[in-house]
Amino acid sequence: MGEKTDVKQGTLALMVLKTLDVLGPLHGWGIARRIEQISGDLLSVNQGTLYPLLLRLEQEGSIDSDWGASENNRRARYYKLTRAGRRELQNEVQEWQQTTEIMARFLAAKAEEL
């Protein structure tokens, strides 16, 4: 197994929104673990980056939160996607799909094709 790498700048918000869309409400630690698991344990989510992002997404209206009990009966803030968050997720996915298509063209380009 390769060494874990930090999440690339600008990608964590999309991963958080998609994780909440697929798995439903989760607490911060659960979001981080799911992102790491989905990546095949190739990514490492920095808690110092995740929690400010969750606060920003909540202030923007993309997610909402409520207090609840975690699996080990500790008090935890659970985050869930809002209707605005679903729209934001759709926009982000379209932008990333376009970006990856463009990058794939550059990576596949050969000198004789340019």
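Since every read-out is calculated from the coordinates, none of them should be taken as a lab result. As the structure is a prediction and not an experimental result, all values here were calculated from the model. Every residue, glycine among them, receives a Cβ derived from its backbone with ideal geometry; neighbour counts consider all protein chains shown.
Which is of a type outside the set (A, V, I, L, M) and surrounded by 14 or more Cβ atoms within 10 Å (Cβ to Cβ), of ASP41, ASP64? So that I can check it myself, show each step before the final result.
Details: ASP41 fails: surrounded by 14 or more Cβ atoms within 10 Å (Cβ to Cβ).
Going through ASP41, ASP64 in turn, just one is of a type outside the set (A, V, I, L, M) and surrounded by 14 or more Cβ atoms within 10 Å (Cβ to Cβ): ASP64.
Given the structure, is ARG77 within 20 Å of the chain's Cα centre (by Cα) and loosely packed, with under 14 Cβ neighbours inside 10 Å?
Judged against the criteria, ARG77 is not a match.
Looking only at residues in segment 53-67 that are closer than 13 Å to PRO25 by Cβ and hydrophobic (A, V, I, L, M, F, W, C), which one is farthest from the chain's Cα centre (by Cα)?
Among those that are closer than 13 Å to PRO25 by Cβ and hydrophobic (A, V, I, L, M, F, W, C), it is TRP67.
If you scan segment 21-72, which residues turn out to be touching a Lys or Arg at 6+ places or on another chain (Cβ under 8 Å), among the polar types (S, T, N, Q) and under 19 Å from LEU89 (Cα atoms)?
Listed by number, the list holds a single entry, SER65.
Quick check: is even one residue across segment 95-108 in contact (Cβ under 8 Å) with a residue 12 or more places away in the chain and in contact with a strand residue (DSSP E or B) (Cβ under 8 Å, 6 or more places away or on another chain)? Explain how you work it out, then say what you get.
Of segment 95-108, the ones in contact (Cβ under 8 Å) with a residue 12 or more places away in the chain are 96.
Still in the list and also in contact with a strand residue (DSSP E or B) (Cβ under 8 Å, 6 or more places away or on another chain): none.
No: zero hits.
What is the residue count in segment 55-74 for residues that are in contact with a Phe, Trp or Tyr (Cβ under 6 Å, 6 or more places away or on another chain) and under 23 Å from LYS8 (Cα atoms)? Before you say what the answer is, go through the steps one by one.
Here is the first cut: in segment 55-74, the ones in contact with a Phe, Trp or Tyr (Cβ under 6 Å, 6 or more places away or on another chain) are 63, 65-66, 68.
Subsequent filtering for residues that are under 23 Å from LYS8 (Cα atoms) retains 63.
So the answer is 1.
Have a look at GLU92, GLU58 and point out the one that is within 14 Å of LEU17 (Cα to Cα), touching a residue at least 24 places away in the same chain (Cβ under 8 Å) and of a type in the set (Asp, Glu). Walk me through it before giving the result.
Numbers: GLU58 fails: touching a residue at least 24 places away in the same chain (Cβ under 8 Å).
It is GLU92.
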